[in-house]
């Protein structure tokens, strides 16, 4: 006999709620200051986990949340694969579904399963164990895909004050702690309610106070910068007939800028450096040399051994220098072993870049020491701090045109804002189609060009010296603390196996 339709609907309701919560959380990772929304969404998931009848059910709830979060939040993967990569629509859809659910959705599923296996007090599970497991899962997941880390959603709220101390993963941990505190406040136990309320208030208040601290000091004189946005259509970028128009666009934008430091986007000129007309490069250099300035040009560079790099090269008053990208994009810039077949379905030129060295020095240009990063390299905070505190400015060059008019550019801007806040430096973003922006050391956007327009963003910035705690210590304190909490939770649970299941007698509700 089949189950009644009403029973099936009731049984599916928690998973639909988890999926909806994950999907709603995406709004907190865009342009809008909706930081309470992801926190509330995670609290809903924690509440569902607390009521789950088994570890398997908790795992499926986590999977449903992750499916909602990533299917909505990174649906732009499909745009890249199909529209610009040339992958057939059905295959691109399957690949996107697999990546969003089977890979990314597996991590909140694992957290759900593991937390349900812990025989510890519910308040400790909600406010310590789950946040620790969440952060560890995020850290492992971001080795391949560093998008939608919970801490990024809190940039406009009081918890952002912790970023210069403990970085984005630390902010993720505290966000999850407050989410657990909200669920604990909904419980009937007065003692745990008071503890949860006190912890949440203290965390928020301290975060607000930390936001008033200036962690670094000015370095050098104010600098006029010009960030060029060529708005070259992605489907025309590598068309040979379009090449002269691309040169003309960037020559015109550079000519109109009076900046001392001019920055072009990632692979702004789609030819190897030694194949670009010398007259064009000389024109760029002459424009800034008179002001003792420099131009940073995104361009592929070919070495004597035939290897080519996604690079940024300086031209102008300073000796020519180069930064070579070291953290390459899988399938976009290199093919992992066993995936050679992808070449037959994707139409991405220059798809096998070599890796640049990891320990590259900042570029000494325009009176500053500039730490370069290309494309999604700025999503890895531990890598951005390598050239610090020597570097006085951060510069990111990107070409997010691969993702069209999607959520990706706004999400990437939010990542860049976190790097500026963690390091106490200005972040200059030069992109092909957007978002080209200037971000101050507090993580605020102080200048921005409209997307999908041609233009130059000009502004005044100032280098910064010194080191935040995050620059000195990186992610180690947070990750070690989370490992310690997870280990202590397992050890405590083993001692209390004879006691009732952690969720018994502790139910959310009025």
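Below are the figures for this structure:
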read-out	value
Checking residue 425 against (1) under 27 Å from residue 76 (Cα atoms); (2) modelled with pLDDT of 95 or more; (3) over 16 Å from the mean Cα position of the chain (by Cα), the condition it does not meet	(1)
Tally of residues being in contact with a helix residue (DSSP H, G or I) (Cβ under 7 Å, 6 or more places away or on another chain), surrounded by fewer than 24 Cβ atoms within 10 Å (Cβ to Cβ) and closer than 16 Å to residue 131 by Cβ across the range 193-210	6
Counted residues, the range 274-310 - those being over 17 Å from residue 228 (Cβ atoms), in contact (Cβ under 8 Å) with a residue 40 or more places away in the chain and buried (at least 18 other Cβ atoms within 10 Å of the Cβ)	3
Residues being modelled with pLDDT under 95, touching a helix residue (DSSP H, G or I) at 6+ places or on another chain (Cβ under 7 Å) and under 13 Å from residue 251 (Cβ atoms) - total across the range 281-318	3
Residues that are within 16 Å of residue 364 (Cα to Cα) and touching a residue at least 12 places away in the same chain (Cβ under 8 Å), drawn from the range 320-332	321, 322, 323, 324
Qualifying positions in the range 26-47 - part of a helix (DSSP H, G or I), in contact with a helix residue (DSSP H, G or I) (Cβ under 6 Å, 6 or more places away or on another chain) and surrounded by fewer than 19 Cβ atoms within 10 Å (Cβ to Cβ)	27, 37
Conditions (1) over 25 Å from residue 154 (Cβ atoms); (2) surrounded by 12 or more Cβ atoms within 10 Å (Cβ to Cβ); (3) in contact (Cβ under 8 Å) with a residue 40 or more places away in the chain; number of the one not met by residue 252	(3)
Count of the range 468-487 residues which are out of contact with any helix residue (DSSP H, G or I) (no Cβ under 7 Å at 6 or more places or on another chain), surrounded by 15 or more Cβ atoms within 10 Å (Cβ to Cβ) and over 12 Å from residue 128 (Cβ atoms)	1
Complete set of residues in the range 175-192 that are farther than 24 Å from residue 156 by Cβ, without any contact (Cβ under 8 Å) to a residue 40 or more places away in the chain and surrounded by 15 or more Cβ atoms within 10 Å (Cβ to Cβ)	none
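The values are calculated or read from the model by the stated rules, or taken from the named source; none is laboratory data. Keep in mind that what you see is a predicted model, and the values were worked out from it rather than measured. Heads up, the Cβs are rebuilt from the backbone with ideal geometry, glycines too, and the neighbour counts pull from every protein chain shown.
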